[in-house]
Amino acid sequence: MMRRRMLPKRKVIEVFEELSPQDNGYWTVPDGVYEVEFALVAGGLNGEYSDIYNAGSGGNGGGVLTGTIPVNPGVTYRVVVGDIGGDSIFGIYQAIAGKGGIGGYGVKGDGNDPSPGNPGQDGSYVFNNKYPDRYPYPMGAGGGSGAYTRGWGTGFLSGGKGGNHGGGDGAGVEDTEGVTINGKNGDDATYYGGGGGGASKASNSGATSGRGGSGYRGIIILHYFKNG
């Protein structure tokens, strides 16, 4: 009796490949891969500076785009991972910088009462939150705006909270009558696609402006199964 030779079983490996701006260029589909699920997160924007007239607005977070496409091994796709304020691109798909979570609005011009900053908008979950154990936090959160002062002596005014997760907080500042107080710097964003926090308003003539917080770079995540 003739025995059939059994072919060895091939192990299937699940891959989540995370790309940074250093990987910009072209990505080649590995052997045995015929479908790729992607998540694109664009870079967040910096928060705005302030001056003696305006509090700085928070920077908008980067856009988040998720999709699934059929692919063939050996085919290459253009890859651009957005740095701060940059779009993220995979093939024909694109996530736009500063189009995700909206930053808090900084009060503009005179004729406004002293006020705390406004919060930034929350980010969005990559892959529509299908993989919460691996990606538990939303990306592309907006930054909060800085506090607005008039020198009326109303005490400390807080900056707006950055959006969930990792949007930069807006700067708070003391509102003290007759005292020159410089604008404070907004906080930097701390997670993918986050917008920086806005600076608080300088109290009056002679005070210096504050700096907006830095946005955070984007990321591209490619999810696929391949033979081990």
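The values are calculated or read from the model by the stated rules, or taken from the named source; none is laboratory data. All values derive from a computational prediction rather than experimental measurement. FYI the Cβ positions are ideal-geometry reconstructions off the backbone, even for glycines, and counts take in every protein chain you see. Accessible surface areas use protein heavy atoms only, side chains included; no ligands, DNA or RNA. Shrake-Rupley method; radii C 1.70, N 1.55, O 1.52, S 1.80 Å.
Is one or more of the residues making up the stretch 37-49 acidic (Asp, Glu), surrounded by 12 or more Cβ atoms within 10 Å (Cβ to Cβ) and in contact with a strand residue (DSSP E or B) (Cβ under 6 Å, 6 or more places away or on another chain)?
Yes, some residue in the stretch 37-49 is acidic (Asp, Glu), surrounded by 12 or more Cβ atoms within 10 Å (Cβ to Cβ) and in contact with a strand residue (DSSP E or B) (Cβ under 6 Å, 6 or more places away or on another chain).
Would you check if SER205 is surrounded by fewer than 24 Cβ atoms within 10 Å (Cβ to Cβ) and either polar (S, T, N, Q) or under 20 Å from ILE52 (Cβ atoms) (or both)?
In short, yes.
Kindly state which strands (runs of 3 or more DSSP E) lie completely within the stretch 126-228 and contain at least 1 residues that are over 30 Å from TYR77 (Cα atoms).
Fully inside the stretch 126-228 and qualifying: 155-157, 173-175.
For the stretch 126-155, give me the residue count where each residue is open to solvent by 60 Å² or more (accessible area, probe 1.4 Å) and touching a residue at least 24 places away in the same chain (Cβ under 8 Å).
Residues meeting the conditions: 6.
Given the conditions (1) among the aliphatic types (A, V, I, L, M); (2) surrounded by 14 or more Cβ atoms within 10 Å (Cβ to Cβ); (3) touching a strand residue (DSSP E or B) at 6+ places or on another chain (Cβ under 9 Å), and given that VAL12 satisfies all but one, which numbered condition is not satisfied?
It fails just one condition, (2).
Which residue is nearest to PHE90 (Cα to Cα), if the candidates are limited to the stretch 19-42 and must be among the β-branched types (Val, Ile, Thr) and in a loop (DSSP other than H, G, I, E, B)?
The extreme case among them is VAL29.
Name the one entry in GLY160, GLY172, GLY151, GLY144 that is more than 30 Å from PHE16 (Cα to Cα) and touching a Leu at 6+ places or on another chain (Cβ under 7 Å).
GLY172
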